[in-house]
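What follows is a short report on a single structure.
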Amino acid sequence: MATVGEWVSGVRPRTLPNSIVPVAVGSALAFALEGFVWWKALLAMAVALALQVGVNFANDYSDGVKGTDTAERTGPVRLTATGLAPPRQVLTAALGSFAFAGAVGLVLVATSSWWLLLVGAAAIAAAWYYTGGRTPYGYRGLGEVSVFVFFGLVAVVGTVFVQLGTAPWQAWVAAVPVGLLSCSVLVINNLRDIPTDRETGKITLAVRLGEAGTRRLFAGGLTLAYVVALSLTPVFWWTPLVLLSVPLAVPPVRRVLGGQVGRDLVLGLGETGKLQLAFGALFSLGLLLG
């Protein structure tokens, strides 16, 4: 039986900034536009975190039962592949997380707009079919697209919408760097897994691009995130605060462009998560002050 610590590792805590940052940025923008509603921001955060935990457990389950995860893979604990937890328990954890996200999301739907129900259903479906089902889109190189859409555009714009009742253009622009940083976490993770993914037939975008292309994609995505964030400077004068996070971008970029592999990239994944949190905090502060 898996220990509490192994279950916590199975949650993949280093990926949680994917859900924290977009809600923080969206809430900061709602505050700047004089429409912040604290309890809706908290509910949006709960939904985002539950979806992230759900997709992590769903991936653990689906990859484990398909045999695309193995006990030898580097990175966080694979509960299903290693046999630490029965597949049914991991599946139950995933479905329970999705159910919690759906229940909390219904409150936001009831107090905002009915069409958010469709967005929530699409988010849960995307989380499951990333590696679940007979033809998971994550095995076809579309994982980064989904992450950009749901942990960038949908999460930021949705957080703003439930508080303001509208989705201004500033929300769409602010969502782009957030989505790119979320993608960077997946890119470095998939870069690490290229050898094993290629062997097991898991054709991620990293496998399609190859190591050299994926390393350039990682660096380019981070660079573009800063460029788009800074484009808001004429409206929010304090957004250049994001540049204070540049020193945190240097270590993971150096690892990736320097050709590091395996466990060294696990450290890079953690560094990218720290960068994502710092960028998100500074971006949020810049929006608040602006």
- [ ] Sticking with the crude label model, points 7 Å out along Cα→Cβ, report the distance from LEU288 to LEU33 in nm, one decimal please.
- [x] 1.9
Open item on the list: I want to check the label-to-label distance for VAL261 and LEU42. Put each point 7 Å from Cα in the C-beta direction and report it in nm to one decimal.
Closed with: 4.9
TODO: Using a Gaussian network model of the chain whose springs link C-alpha atoms within less than 10 Å, name the residue from GLU34, GLU144, GLU211 with the highest mean-square fluctuation.
DONE: GLU34
Task: Förster radius 25 Å - calculated FRET efficiency between THR3 and THR92, Cβ distance, rounded to 0.05 - done: 0.90
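So if each residue of separation counts as 0.36 nm, and I subtract the Cα-Cα distance between ARG198 and ALA122, what length gain in nm does that give?
Details: separation 76, 0.36 × 76 = 27.36 nm, distance 2.85 nm.
Separation in residues times 0.36 nm, less the Cα-Cα distance, equals 24.5 nm.
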- [ ] Taking the Cα centre of the chain as origin, work out the dipole magnitude from +1 charges on Lys and Arg Cβ and -1 charges on Asp and Glu Cβ, in debye rounded to 20.
- [x] 300
- [ ] Decide, for the chain, between rounded, prolate and oblate: order the square roots of the alpha carbon gyration tensor eigenvalues as a ≥ b ≥ c, take rounded if a/c falls under 1.5, and otherwise choose prolate if a/b is larger than b/c, else oblate.
- [x] oblate
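May I ask you to derive the FRET efficiency for VAL227 and THR166 from their Cβ-Cβ distance with R0 = 30 Å, giving the value to the nearest 0.05? Intermediate values should be presented prior to the final figure.
Details: r = 26 Å, r/R0 = 0.88.
That gives a FRET efficiency of 0.70.
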Open item on the list: Restricting the calculation to Cα positions, tell me the Rg (one decimal) and the Dmax (whole number) of the range 141-290 in Å.
Closed with: 15.9, 50
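Pairwise over distinct Cα atoms, reciprocal of the mean inverse distance: report the Kirkwood radius of the range 73-159 in Å, one decimal place. Spell out each step's value before the answer.
On the way: mean 1/r = 0.0682 Å⁻¹.
Roughly 14.7 Å, rounded to one decimal.
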Task: Check: the range 1-157 dipole with +1 on Lys, Arg Cβ and -1 on Asp, Glu Cβ, in debye - done: 200
Open item on the list: Hydropathy at least 0.0 by Kyte-Doolittle, axial extent at least 24 angstrom from the Cα trace: which helices of the chain, defined as entire DSSP H runs, fit?
Closed with: 38-66, 87-111, 169-192, 205-230, 263-289
Task: the range 1-19 and the range 166-206: distance between their alpha carbon centers, rounded to Å - done: 19
TODO: Per DSSP H run of n ≥ 4, the term is -39500 (n - 2.57); total these for the chain, divide by its residue number, and report the mean residue ellipticity at 222 nm rounded to 500 deg cm²/dmol.
DONE: -23500 deg cm²/dmol
Open item on the list: Suppose R0 equals 30 Å. What FRET efficiency, 1/(1 + (r/R0)^6) with r the Cβ-Cβ distance, do ARG140 and GLU211 give to the nearest 0.05?
Closed with: 0.95
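All of the numbers you see were taken from the coordinates with simple rules; none came from a lab. Everything quoted here is computed from the prediction, not taken from an experiment. Ideal geometry is used to build each Cβ from the backbone, glycine not excepted, and the neighbour counts take in all protein chains shown.
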